[in-house]
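Here is the structure we will look at, set down as structure tokens.
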Amino acid sequence: NLYLENFDQVAKKKKTIDIINIPIEKLGWYGAEDADITLRLYNKLLPIIKSNKNYDLMTKMELPLVPVLAEMEFTGISLNADLLNKMSKEFAKEITKVSQKIYELAGREFNISSPQQLKEILFDELKISPQGIKKNKTGLSTAASELEKMKKAHPIIALMIDYRELSKLQSTYLSALPNLINPKSKRVHTSFNQTVTATGRLSSSDPNLQNIPIRTPLGRKIRRGFVAPKNYELLSADY
């Protein structure tokens, strides 16, 4: 009798649930199945790994990396929450300022975050040419790549791109990260995944700390919120 459930399902998709609050019978089945499926996969995949010359890579590099990553996850990373909260207020003011400029150019207020309303403003009211713009299920696309194509067509486009960047950085990092600081360690703890990307690089999740922009001044500003303890340095490395 297999439940075939992942932990989110066992915990009823409540990521904050304490494992001790899950009924022992359900948790027992989940744990036993986890071990059983892992063993079945091991027996099936090991001969394949040995046959395609990946065995040395697995045993000499990937497996020894597991305790290192576990230690990194357990240690976490420090945030300057005061700096991020201050930046959040600054970004909120800037978002309001950019919004007002967009409304002025549009001739009215609208939900800037609504693709449908944005399409009406750009193509129906401001009469921006849709030539070369991709279509999706709901009509003309207002994705970032399509807005870039229209950048020279009207000054509202550049403001829209700024608005989206500010809003994304605000909601994804400035508002969210301080709330993810562990009350005991006073740090943020991400999960590093070894087997997600096709390239062999690590990926980071819950939260993703590897996609904070570095090419824009705003992104670099947010990166200043990650800090090292006294007498330590932060090292950025790529595999």
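Any chance segment 143-164 includes a residue that's part of a helix (DSSP H, G or I) and open to solvent by 90 Å² or more (accessible area, probe 1.4 Å)? Yes: one or more hits. Taking the conditions (1) assigned to a helix (DSSP H, G or I); (2) modelled with pLDDT under 95 in turn, Val66 satisfies each one other than (2). Restricting segment 49-63 to residues that are at pLDDT 90 or above and loosely packed, with under 12 Cβ neighbours inside 10 Å leaves a set whose member that is farthest from Gln194 (Cα to Cα) is Ser51. For segment 95-110, taking the residues that are assigned to a helix (DSSP H, G or I) and open to solvent by less than 70 Å² (accessible area, probe 1.4 Å), the one that is farthest from Ala153 (Cα to Cα) is identified as Ile95. If the condition is being surrounded by 14 or more Cβ atoms within 10 Å (Cβ to Cβ), in a helix (DSSP H, G or I) and small (Gly, Ala, Ser), then segment 69-88 contributes Ala81, Ser88.
Pull up segment 114-131, narrow it to residues that are open to solvent by less than 60 Å² (accessible area, probe 1.4 Å) and in a loop (DSSP other than H, G, I, E, B), then point me to the one that is farthest from Ser99 (Cα to Cα). Can you show your working first?
We begin by selecting, within segment 114-131, every residue open to solvent by less than 60 Å² (accessible area, probe 1.4 Å); these are 114, 118-119, 121-123, 126, 128.
Next, from what is left, pick out any that are in a loop (DSSP other than H, G, I, E, B): 114, 126, 128.
Working: Ser114: 13, Leu126: 17, Ile128: 19 Å.
Looking at residues that are open to solvent by less than 60 Å² (accessible area, probe 1.4 Å) and in a loop (DSSP other than H, G, I, E, B), I get Ile128.
Any residue in segment 203-219 that is assigned to a helix (DSSP H, G or I), under 17 Å from the mean Cα position of the chain (by Cα), crowded, with 16+ Cβ neighbours inside 10 Å and of a type in the set (A, V, I, L, M)? Yes - at least one qualifying residue is present in segment 203-219.
The values are calculated or read from the model by the stated rules, or taken from the named source; none is laboratory data. A quick note: this is a predicted structure, and the numbers were derived from the prediction, not measured. FYI the Cβ positions are ideal-geometry reconstructions off the backbone, even for glycines, and counts take in every protein chain you see. Surface accessibility is based on the protein's heavy atoms, side chains included, excluding ligands, DNA and RNA. Shrake-Rupley method; radii C 1.70, N 1.55, O 1.52, S 1.80 Å.
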